[in-house]
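This report refers to the structure that appears directly beneath it.
The values are calculated or read from the model by the stated rules, or taken from the named source; none is laboratory data. Predicted model only: the values in this text are computed from it and were never measured. Cβ atoms come from the backbone with ideal geometry, glycine included; neighbour counts cover every protein chain shown. For accessibility, only protein heavy atoms count, side chains too; no ligands or nucleic acids. Shrake-Rupley method; radii C 1.70, N 1.55, O 1.52, S 1.80 Å.
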Amino acid sequence: MGKDDVKLMTMWASPFCMRVKVALAEKEIAYEEIQENDLLTCKSDLLLKSNPVHKQVPVLFHDDKPICESTNIITYLDEAFPAKPLFPECAYGRSRARFWADYIDCKVHPAGRAIWSTKEKDEVEAAKNNFLEIMKYLAGTLGDKDYFNGDKFGFVDILLIGLTTWFPAYEKYGDFKLEDHYPKLAAWITRSWARETVSESLTSPEKITNLVIMLRKMHGLE
Amino acid sequence: MAGSDDVILLDFWVSAFGLRVRIALAEKGIHYEYREENLQNKSPLLLEMNPVHKKIPVLIHQGKPVCESNIIVQYIDEAWHDKSPSLLPSDPYLRAQARFWADFVDKKVYEAAKKIWMTEGEEDRQVAKKELIEVLKVLEGQLGEKPYMVGESFGLADIAMIPFSVWFHTLNEIGKMNIERECPKLAAWVNRCMERESVSKTLPHPHKFYEFVLEMQKKKGH
């Protein structure tokens, strides 16, 4: 490809932004990062203008054209920059990848939030069990493979890995360890973090856990 | 290249999500076996083919299941790429737009529309009505002066939305509103889509949907 102007609007704690950064790194696409610092009280004019429907990061700009929704952005990148594909080749494999993408997007982050956003013991317990049920399905589809994509790190791996930066916070407040329940899934996390594209793109889990502590204090939960 | 044989669709006659798949199959002229599911007593085949969500529609192609309606429509386009018309544009940016708006229908239209008949109390219903019209006006904004949602051709985003036009009569009756008057561009788009045989021969009559909803409400003791 010729000289492409690629920019990515991000917020440091967002696992949805992190996954796009991993995808860009995996595909070796150079880009400029534009950081939104304060999503809670004051969204920038650029964000509101480029994503008027959802008003959320991440937003990718390719030659000044905005693309929104992280899964959509990563799919776009794979089509607009065909080198180093992230998707399986066959139509059926792609439909399975999209299925698990949808499952991950709908389930993981909200289930995790339910664990730390309450003080009630029985609510935490129920939220933890619900989260582990979701992990069961993910562990099931991973099976004995190195990656969700097979032997190559790919689309589904990229979508899930950013979300794992929030897992230590869930483990802290849910009082559990993922590796005790689903060791192969825990091993996949370690294996994925060993990739430079991942470790250089993701925010440290410690920073995320500190953010969760701060959010809990804000809501009177600490 | 996929054959037209060995295609089974597990569905429920009035499901907007199932209708998307039926329209896509009709657009491509694909022959398939339709199997009606009793959602109160789901078949072993459905539970086997979609163990994660246990929901229709499920497309079974050569014994392999594809789940989630927007994903199925994309699969149909890819597996039968040699059959026209294409259901997605060829340009990556327009494809991203198509996916974005198909996703918007799922996240916003479906949720807002359901609230109209699931809400009790006049105040809540007024709020639900306002929300729905706002969402439909966003779609009208996207439509603009174009014949279809993303460009000149009928495709994924149109297929995602058009089954919900069957709901308009019901929403108008129960919500005491007039969607066509409030959203004339959307109404014109519905008529344009209905000129396609794949749509007009697939969608059930809006009055049949209204009867179905009334029956459901009666059973729930409304």
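Only Cα pairs under 8 Å and 6+ residues apart enter the sum, and on that basis the relative contact order of the stretch A:92-222 stands at 27 percent. When the square roots of the Cα gyration tensor eigenvalues are ordered a ≥ b ≥ c, the ratio a/c for the protein assembly as shown is under 1.5, which makes its shape rounded.
When the Cα gyration tensor is reduced to axis lengths a ≥ b ≥ c, the ratio a/c is 1.5 or higher for the stretch A:140-187, and with a/b not above b/c it is classed as oblate. FRET efficiency for the B:HIS53 to B:TYR148 pair, using the beta carbon distance and R₀ = 25 Å, is estimated at 0.30. Chains B and A together bury roughly 2300 Å² of accessible area, counting both sides, with a 1.4 Å probe on protein heavy atoms only. Counts of other chain beta carbons within 10 angstrom of each beta carbon in peptide B:66-77 average 4. The candidates A:ARG216, B:ARG125, arranged from most to least accessible area with a 1.4 Å probe in the full protein assembly, appear as B:ARG125, A:ARG216. For chain A, hydrophobic long helices are taken as DSSP H runs at least 18 Å long by C-alpha position along their axis with mean Kyte-Doolittle hydropathy of 0.0 or more; these are A:205-218.
Taking only the C-alpha atoms of the stretch B:44-104, Rg followed by Dmax gives 13.4, 41 Å. Taking every protein chain into account, the accessible area of chain A amounts to 47 square angstrom per residue (probe 1.4 Å). Rolling a 1.4 Å probe over the protein heavy atoms of chain B, with every protein chain left in place, gives an accessible area that is 51 percent carbon and sulfur.
Only alpha carbons enter this Debye calculation for the stretch A:23-90, each as an equal point scatterer, and the log10 of I(q)/I(0) it gives at q = 0.19, 0.20, 0.21 Å⁻¹ is -0.79, -0.85, -0.92. Residues B:MET49, A:MET214 ordered from highest to lowest accessible area at a 1.4 Å probe: A:MET214, B:MET49. Partner shielding of A:58-70 amounts to 2, given as the average count of beta-carbon atoms from other chains within 10 Å of each residue beta-carbon. The sum of -39500 (n - 2.57) across all DSSP H runs of n ≥ 4, divided by the residue count of chain A, sets its helix-only mean residue ellipticity at 222 nm to -17000 deg cm²/dmol. Per residue of B:93-103, other chain Cβ atoms within 10 Å of the residue Cβ number 5 on average. In the assembled protein chains, A:LYS152 presents an accessible area of approximately 110 Å² (probe radius 1.4 Å). Radius of gyration over Kirkwood radius for the stretch A:83-198, both on Cα atoms: the Rg/Rh ratio is 0.99.
Backbone geometry of the stretch A:51-64 corresponds, through the Karplus equation with coefficients 6.51, -1.76 and 1.60 at θ = phi - 60°, to 3J(HN,Hα) couplings of 9, x, 6, 9, 6, 10, 8, x, 10, 9, 10, 10, 6, 6 Hz, x marking Gly and Pro. Computed over chain A, relative contact order equals 22 percent, with contacts defined as Cα pairs under 8 Å that lie 6+ residues apart. Taking N as the residue count of the stretch B:113-178, its C-alpha radius of gyration divided by 2.2 N^0.38 Å amounts to 1.25. Distance between the C-alpha centres of the stretch B:129-155 and the stretch B:58-85: 25 Å, rounded to the whole angstrom. Given a 1.4 Å probe and the protein chains as shown, B:ASP106 ends up with an accessible area of around 50 Å². The coefficient of translational diffusion for chain A, derived via Stokes-Einstein from the alpha carbon Kirkwood radius under 25 °C and 0.890 mPa s, stands at 135 µm²/s. Among the residues of the stretch A:95-116, those with an accessible-area drop of 20 Å² or more from chain alone to full protein complex, heavy atoms and 1.4 Å probe, are A:SER95, A:ARG96, A:ARG98, A:PHE99, A:ASP102, A:TYR103. Accessible area per residue for chain B is 47 Å², calculated with a 1.4 Å probe on protein heavy atoms, without ligands, DNA or RNA. By a 1.4 Å probe calculation restricted to protein chains, A:PHE176 has an accessible surface near 20 Å², given to the nearest 10.
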